[in-house]
Structures are given as structure tokens and as C-alpha cells.
1. Under a Cβ-only charge scheme (Lys and Arg +1, Asp and Glu -1), can you give me the dipole magnitude of segment 66-192 about the Cα centre, in debye to the nearest 20?
2. With +1 on each Lys and Arg Cβ and -1 on each Asp and Glu Cβ, how big is the dipole of segment 1-129 about its Cα centre, in debye rounded to the nearest 20?
3. Which whole-number percentage describes the relative contact order of the chain, with Cα contacts under 8 Å and a sequence gap of 6 or more?
4. Could you work out what % of the accessible surface of the chain is carbon and sulfur, using a 1.4 angstrom probe and leaving DNA, RNA and ligands out of the count?
5. If you filter segment 26-94 for trypsin sites (Lys or Arg not before Pro), then keep DSSP loop positions with at most 16 other Cβ within 10 Å, what is left?
6. Taking the Cα centre as origin and putting +1 on Lys and Arg beta-carbons and -1 on Asp and Glu beta-carbons, what dipole magnitude results for segment 150-295, to the nearest 20 debye?
7. Provide the per residue accessible area, probe 1.4 Å, for the chain, rounded to a whole number of square angstrom.
8. Considering amide H positions built from the backbone, and no H for Pro or chain starts, which residues 5 or more places from Thr111, or on another chain, come under 5 Å of its amide H?
Amino acid sequence: EIRPQVKGILQNIYVDEGAHVNKGQLLFRIDNRPYQEALNQAKANLQSAQASLQAALINVNRLSPLVEKNVVSDIELQTAKAAYDQAKAGVASAKSAVGSAAINVDFTTITAPADGYIGSIPFKAGSLVGGGDLAPLTVLSETNEMHVYFSMSETDFLHFKANYDGQTIEEKIGHVPPVELLLSDNSVYPEKGKVELVEGSFNKDMGSINFRAVFPNKNGLLRSGNTGKIRLPRQAIEGVIVPQGATYELQDKTFAFLLSDSNKVQSVPIKVAAKKGNFYVLSSGLKPGDKIVYTGLDRLSNGAFITPEPISMDSVMKANPF
């Protein structure tokens with residue numbers, strides 16, 4: 001969030017919504033005249049304080065030899081020295097005021113703190129800003145690297161801990177291979193990311209725990225607010241591979257038509273453990289050696305008899321490389 005640190009009239013807007021900016025690039029300027037006058041006043045006060053200090057020093061130097069000759073009392077010298085110390089403190093205070101006023105002048109020029117893209121700009125030139133506004137001047141999205149936040153259920157988290165090497169969560173995260181990002185249209189983002197950290201506790205309301213992965217984004221394809229899914233690779237110790245096209249979904253469940261020796265088809269539910277290319281890796285539902293219907297599922301019904309034309313899994317995989 002880009003917010004003004006001083007109150008004033010928004011004088012100039014140098015960027016447009018959606019523009020890409022570089023670190024240090026000028027974004028906004030607030031009318032600096034009141035703050036420049038305050039700086040001038042602070043500088044004048046500093047000069048006055050320095051003059052008072054010089055006068056106090058002259059007075060101390062004048063009284064010192066007179067005290068040694070007993071012409072004036074020591075009390076007058078001590079009073080002069082106290083006035084000198086007070087004038088010295090006044091100079092320090094005036095210098096601080098000059099520094100503070102100079103900072104406020106600098107705050108009227110607002111630059112980009114990093115490379116990124118400009119969001120919406122709800123203000124126009126001439127608006128009064130900095131008076132406790134709820135909305136920022138704009139939001140700058142850094143895009144060279146994108147943090148992607150995702151969550152796991154408690155069950156998934158237990159599987160996560162079991163699937164990766166390491167004694168601690170940090171060690172296990174270090175052993176997680178690069179992960180993939182599935183965008184909202186189910187396309188796969190071309191760059192792979194790395195899981196960096198996991199929160200220390202579960203969300204009691206959601207029953208989940210949050211992770212963070214970082215993805216390179218040099219081409220700016222990802223923007224802040226994008227949604228998607230994280231795909232974590234894992235090794236399938238046991239599992240049957242079936243073509244995705246040989247399955248169908250019904251009421252959020254996945255099925256395949258199992259062929260019996262009598263050429264009768266039976267719809268069986270299958271559980272998908274992972275997806276690889278055009279294939280599913282199953283954790284249950286089918287076993288090695290089972291025969292399933294590969295095509296024409298839309299014309300089948302449970303319990304129907306068919307005249308199958310055999311096709312080998314090798315030929316299917318050659319046509320659709322795994």
C-alpha cells in the first residue's frame with residue numbers, strides 16, 4: 001500500500017493505473033509549500049538559536065577573567081555558563097526541528113519502493129490526502145517473485161509429513177521438490193515454485209494449516225490476487241494407471257467401467273491419488289490386470305453386455321506419452 005505520510009493537496013499524479021514502475025520512480029507529489037515554509041521557519045529558528053549560543057559563549061568568555069580577578073562573583077559566571085548550556089540545547093532542538101521539517105518536505109514526493117504494477121488510484125489531482133484516509137493512494141504489486149499461499153487439511157498435512165524425508169517440518173519442506181501452480185482455468189503455470197514455509201498452528205475455524213510457496217514471475221504473468229491450486233509431487237508407491245478418458249465423473253465421484261469375463265460392464269468407483277499428463281494414478285478401485293472400457297463410455301449403462309475390441313495399455317501410452 002502506498003500511503004501519504006503528510007497531509008496536503010495531491011498536486012500531481014505521474015503514473016496511470018496498471019502501469020509498470022521501477023523502484024524510485026516518481027508516483028505522486030503533494031503540495032509542499034506549507035512544509036517548505038515550515039522548513040524555512042525551522043532554519044531561521046536554528047540561526048537564532050546559534051546566535052544565542054554565540055552570545056552566551058561571549059558572555060562566559062567575558063566573565064571568566066573577571067572572576068579570576070575577583071571583579072565579579074563566581075555566581076555570575078555559573079549563571080552565564082548555565083545560559084550557555086541552555087543555548088546549546090536550544091541549538092540541538094532547532095537542528096532537530098530542521099531535520100523533521102526536511103523529512104516532511106521529502107514526504108511530499110512519493111516514489112515507488114520497489115518494481116511492480118500500479119493498482120487502482122481512487123484519488124484525483126486536487127484531492128486532500130493524508131487525513132486518516134482509509135484507502136491508500138494506490139497499491140503497488142511486486143511481481144518479480146510471487147508468494148502463493150495455500151492450505152492443507154489436517155489429514156493432508158499428516159500425509160505431507162509422511163511423504164517427505166526429514167525429522168522436522170523445516171527439513172521436510174527442504175526435501176519438497178519444485179511444485180506446480182494450476183491457474184483458475186486449470187492450465188499449468190510455466191514456471192515451477194518452491195515451498196518455503198508453513199505456519200505454526202492450525203486455523204481452528206477451517207481445520208487447515210497454511211503454507212507459502214514462491215514462484216518466479218519475470219514476465220509478469222501472475223498478478224496479486226490470482227487464484228489457483230498447488231500441485232505437490234509425491235512418489236506413488238502403489239497405484240494403477242488408467243487413461244483419464246476411460247473414466248467419468250458423477251456427483252463429485254470418479255468411475256470406470258470394469259469388464260468381466262462374460263463381457264458385462266460394471267461401473268466401479270475409483271479413487272484418484274494423482275494426475276500425470278492424460279492419466280490418473282489410482283489408490284483404489286482397480287487392481288493390476290483388470291480390464292476397463294477405454295472409449296464409448298457415453299453409450300454404456302451399468303450391467304450392459306458389449307463386444308469388446310481389445311487394445312493394449314502400451315499402445316494407449318504410446319499415443320499419450322506418460
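1. 680 debye
2. Details: 12 positive and 11 negative charges, 43 e Å.
Dipole about the Cα centre, nearest 20: 200 debye.
3. On the way: 519 pairs, mean separation 48.1, N = 322.
Reported relative contact order: 15 percent.
4. Numbers: 10170 of 20540 Å².
Within the chain, the accessible surface is 50 percent carbon and sulfur.
5. Numbers: sites: Arg29, Lys43, Arg62, Lys69, Lys81, Lys88; in loops: Lys69.
Sparse-neighbourhood loop trypsin sites (Lys or Arg not before Pro): Lys69.
6. Details: 18 positive and 16 negative charges, 61 e Å.
Dipole about the Cα centre, nearest 20: 300 debye.
7. Here the residues of the chain average 64 Å² of exposed surface.
8. Distant-sequence amide H within range of Thr111: Leu27.
The values are calculated or read from the model by the stated rules, or taken from the named source; none is laboratory data. Please read all numbers here as calculations on a predicted model, not as lab measurements. As a convention, Cβ positions derive from the backbone with ideal geometry for all residues, glycine included, and neighbour counts pool all protein chains shown. We work out accessible area using only protein heavy atoms, side chains counted, and drop any ligands, DNA or RNA first. Shrake-Rupley method; radii C 1.70, N 1.55, O 1.52, S 1.80 Å.
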